[in-house]
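**Student:** One structure is given below, represented as structure tokens, and several questions about it will come after.
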Amino acid sequence: MEGSNTTMSQLPEWFEVDRWVPPPASIEQRRVSKFMQKLGLDDYQDFLRYAIDKPEEFYRAAMADLDLEWQTEWHTLVDQSDGAAWSKWFVGGTTNLAWLALDRWVERGQGDRLALEWEGEDGSTRSYTYAQLADEVSRVAAGLRAHGVVDGDVVGLYLPPLPEAVISMFAIARIGAVVAPAFSGYGEDALSERLEIVGAKHLVTANRYLHHGHEVEMISVARTAATKAGIENVFVVPRLGKDDDCQSNETPWRKLLDHEPEQFFTWFGPEKPWLIAFTSGSSGRPKGAVHCHGRMPYRAAIDMAYCIDMSDDSCLYWPSDMGWIIAPLGLITSFTLGGRHLIYEGAPTFPAPDTLWKLVDRYKVTHLGSSPTLMRLLAAHGAEWVEPYGLESLQVIVSAGEPMTSAAWRWMHRNVGRGIRPLMNHTGGTEIGCALLTGSPVLPMRECRFAGPPPGLAVVVVNSEGHPVVDELGELAVLAPWPSMTYGFWNENERWTVAHASKFEGVYIHGDRAIQHSDGSWEVPGRSDDLLKVGGKRIGPSEYEELALGIRGVSGAAAVGIPDELKGQTVMIIITLAPEYAHAGESISDSIHERVEHALGKPFRISRVAIVDELPLTRNSKIHRRALRAWLLDLDPGDLSNLENPSAAEAIRSLAAPAVPHPAAAH
């Protein structure tokens, strides 16, 4: 479906404030509709049932429809002889991720198509066609081999959003080594711990990069971490400055590119690892989820094509660091489907709140990914920052990473979606490798809800006895294995076996609380381990936060459980205010107290509303709940290397001092 230059003053007649409604004549243009027509299916729910009831037929048809090729075709869909956690998929097939995503397009004579575009925070730009990208990947692969990287080696990636991060990822995969991207903001301890966990022998890093207008020096962190982890080779990308200031075990990037491109491929089975994706490490030792050449790339492409409507005409921009799963997943999906991908070095709101909208228009972005917190930040800056932009190319908006809130959804729906672009919820996880619940461009959808699981995943909500339930809050669960699920945790297979197992045999419990509604829509209020327990009653923080964000002037909100001798926990809501409401803090606080009591009932009254200038955020623009809770309760916050704004700590720590409760909370 083509984009449109509809503005906010020209909202279409079918626009609804709290619901996405597909524009007239748009449904039949969507990729999933055309596929359903090939299958002889008219109803979307029938399509989902077909994918579950006839999985082999579905996967063969989907791969043919999306042109997802194999070097050697698979003969058996799945083999569970080693148990569900260790299911083998697409048995007999061979592939190579670099070929699947890049070289096969060149072989078809489509190498001159634009593949990757990059813009630095200083305005510098680079672009690559498929042929150029495949050539540099092949040269770097040859260079890595020449410097001792062999099949099976783990190569750490400690890079900011740069083209070299993309090239490195595919070059490492091409030769059968395994890439382990680490968040570019990690300190030396966090980085060295992850390199040690996976037994990395090599590291690709940069000397420095730009972030919020400042040069961030990262080579010293990389060197210290490499020494601690026993790294043999360090390859250095010169983002800023010269590339020849290398130490004895360091090689400048240009020397990798000096090699002649490889003219051959090694073909791998589906379970050949190519990626180790680290979990956040918010509790316990970080885990390295393993993803494979013939699993996640094929499954994720199916999701993004049929649920998000991506194709070879798409351009995806999803602000993220290579250390988070969405960055490699988005890249491989863009290229596997033959589309275009945009990377921006800086934050999407820097140097000005309209940076994101400039990028969308300049690079003709069709698919925009975001977190709800970023959406709230954009909304707080005001509609005047987005209104001047036509956004004519934009077709789909995707929200992921945390629960959506009504105020943010409505703002994006009106001011960015403008009634013609679906705003979709999407949730998965590092171990999942695809979506568990997602949206659909062919279904009307109420605010903040999901259309359901992607085709082929047997997702349900179960109660405390493990029985599937509808219209009832329970645990999000999967009844059968799926192709993109992690193939273990690196060097910790038993840990994955335990993590995959649950008290309900054959059922994978994801850790999210969810509701499947009888109308076919779904909700995910939040993580099970984020639950608050007030007077013995369990409730999610997002329920408080959404009520607070519905008060005019509140730009951000986070609910935190505070120990209480009588109730076990009481709830504090910490908020930020839009600048023009800075004077109205007391009346806004009173309004939040009243609204929570009216909406949730007296047993769930809050003890306090506190106002701060900023909430702690991750570099992915999500609320850093662990830091918030630790600072407030004077606990050890653990690893904070992915914290975007340490400046938030002082004000939040000051809130730990006793405060006079709101009169309503004293009764």
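The values are calculated or read from the model by the stated rules, or taken from the named source; none is laboratory data. Computed from a prediction, not measured in an experiment: that's the story for all the values here. In this analysis, Cβ positions are derived from the backbone assuming ideal geometry, glycine residues included, and neighbour counts consider all displayed protein chains.
**Student:** Output yes when any residue across segment 345-355 is of a type in the set (A, V, I, L, M, F, W, C) and surrounded by 22 or more Cβ atoms within 10 Å (Cβ to Cβ), and no when none is.
**Tutor:** Let us first name the residues in segment 345-355 that are of a type in the set (A, V, I, L, M, F, W, C), namely 347, 350, 352.
Now narrow it down to the ones that are surrounded by 22 or more Cβ atoms within 10 Å (Cβ to Cβ): none.
No - not one qualifying residue is present in segment 345-355.
**Student:** Only residues in segment 176-196 that are among the aliphatic types (A, V, I, L, M) count as the first member; pair them with residues that are in a loop (DSSP other than H, G, I, E, B), Cβ under 6 angstrom, at least 6 apart or cross-chain, and list the lot.
**Tutor:** A177/V149; A177/D153; A180/A200; A182/G323; A190/D639; A190/S641; L191/A182
**Student:** Restricting to segment 90-120, name every residue that is aromatic (F, W, Y) and under 14 Å from H293 (Cα atoms).
**Tutor:** F90, W99
**Student:** Counting only residues that are out of contact with any Ser or Thr (no Cβ under 6 Å at 6 or more places or on another chain) and aliphatic (A, V, I, L, M), which one in segment 378-390 is nearest to C315 (Cα to Cα)?
**Tutor:** Top of the filtered list is V386.
**Student:** Same structure, new question: Pick from E188, E136: which is of a type in the set (D, E, K, R), closer than 14 Å to V204 by Cβ and either at pLDDT 95 or above or touching a helix residue (DSSP H, G or I) at 6+ places or on another chain (Cβ under 6 Å) (or both)?
**Tutor:** E136 is the lone residue from the list that is of a type in the set (D, E, K, R), closer than 14 Å to V204 by Cβ and either at pLDDT 95 or above or touching a helix residue (DSSP H, G or I) at 6+ places or on another chain (Cβ under 6 Å) (or both).
**Student:** Here's something else I'd like to know. With the structure loaded, tell me whether M310 is modelled with pLDDT of 95 or more, assigned by TED's automatic domain parsing to the domain that holds V498, under 25 Å from T95 (Cα atoms) and within 26 Å of the chain's Cα centre (by Cα) or whether it fails that test.
**Tutor:** yes
**Student:** Taking R126 and the conditions (1) surrounded by fewer than 20 Cβ atoms within 10 Å (Cβ to Cβ); (2) not in a strand (DSSP E or B), which numbered condition does it fall short on, given that it satisfies the others?
**Tutor:** Result: R126 passes all but (2).
**Student:** Here is a check on your reading of the model: is A115 modelled with pLDDT of 95 or more, buried (at least 19 other Cβ atoms within 10 Å of the Cβ) and closer than 30 Å to E644 by Cβ?
**Tutor:** Working: modelled with pLDDT of 95 or more: yes; buried (at least 19 other Cβ atoms within 10 Å of the Cβ): yes; closer than 30 Å to E644 by Cβ: yes.
For A115, the condition - modelled with pLDDT of 95 or more, buried (at least 19 other Cβ atoms within 10 Å of the Cβ) and closer than 30 Å to E644 by Cβ - is met.
**Student:** Oh, and also: Given the criteria assigned to a helix (DSSP H, G or I), of a type outside the set (A, V, I, L, M), over 28 Å from the mean Cα position of the chain (by Cα) and within 29 Å of P181 (Cβ to Cβ), does D135 qualify? I'd like the intermediate steps shown before the answer.
**Tutor:** On the way: assigned to a helix (DSSP H, G or I): yes; of a type outside the set (A, V, I, L, M): yes; over 28 Å from the mean Cα position of the chain (by Cα): yes; within 29 Å of P181 (Cβ to Cβ): yes.
Criteria met by D135.
Per-residue answers, yes or no, for (1) at pLDDT 95 or above; (2) surrounded by 13 or more Cβ atoms within 10 Å (Cβ to Cβ); (3) touching a Lys or Arg at 6+ places or on another chain (Cβ under 6 Å):
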{"site": "N5", "(1), (2), (3)": "no, no, no"}
{"site": "L11", "(1), (2), (3)": "no, yes, no"}
{"site": "P24", "(1), (2), (3)": "no, no, no"}
{"site": "F47", "(1), (2), (3)": "yes, yes, no"}
{"site": "D53", "(1), (2), (3)": "yes, no, no"}
{"site": "L68", "(1), (2), (3)": "yes, yes, no"}
{"site": "Q71", "(1), (2), (3)": "yes, yes, no"}
{"site": "D82", "(1), (2), (3)": "no, no, no"}
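**Student:** Is it the case that some residue within segment 426-448 is under 21 Å from the mean Cα position of the chain (by Cα), modelled with pLDDT under 95 and polar (S, T, N, Q)?
**Tutor:** Yes, segment 426-448 contains a residue that is under 21 Å from the mean Cα position of the chain (by Cα), modelled with pLDDT under 95 and polar (S, T, N, Q).
**Student:** Taking segment 377-408, which residues are under 23 Å from P23 (Cα atoms), free of Cβ contacts under 8 Å to residues at least 60 places away in the same chain and outside any loop (DSSP other than H, G, I, E, B)?
**Tutor:** I397, S399
**Student:** With the requirement that a residue be of a type in the set (A, V, I, L, M, F, W, C), part of a strand (DSSP E or B) and in contact with a Ser or Thr (Cβ under 9 Å, 6 or more places away or on another chain), what does segment 465-488 give you?
**Tutor:** L476, A477
**Student:** Need a quick list: helices (runs of 4 or more DSSP H) entirely within segment 187-305 having at least 1 residues that are farther than 29 Å from L100 by Cα.
**Tutor:** 188-198, 219-229
**Student:** Restricting to segment 319-331, count the residues that are under 8 Å from the mean Cα position of the chain (by Cα) and part of a loop (DSSP other than H, G, I, E, B).
**Tutor:** 3
**Student:** Then there is this: Given the structure, is G109 of a type outside the set (F, W, Y) and modelled with pLDDT of 95 or more? If you could, list the steps in order and put the result at the bottom.
**Tutor:** Values: of a type outside the set (F, W, Y): yes; modelled with pLDDT of 95 or more: yes.
Judged against the criteria, G109 is a match.
**Student:** Determine which single condition E193 fails, assuming it passes every other condition in (1) in contact with a Gly (Cβ under 9 Å, 6 or more places away or on another chain); (2) over 23 Å from D639 (Cα atoms).
**Tutor:** Of (1) in contact with a Gly (Cβ under 9 Å, 6 or more places away or on another chain); (2) over 23 Å from D639 (Cα atoms), only one is false for E193: (2).
**Student:** Here are some residues: A627, A584. Which one is assigned to a helix (DSSP H, G or I), surrounded by fewer than 19 Cβ atoms within 10 Å (Cβ to Cβ), of a type in the set (A, V, I, L, M, F, W, C) and at pLDDT 80 or above?
**Tutor:** A584
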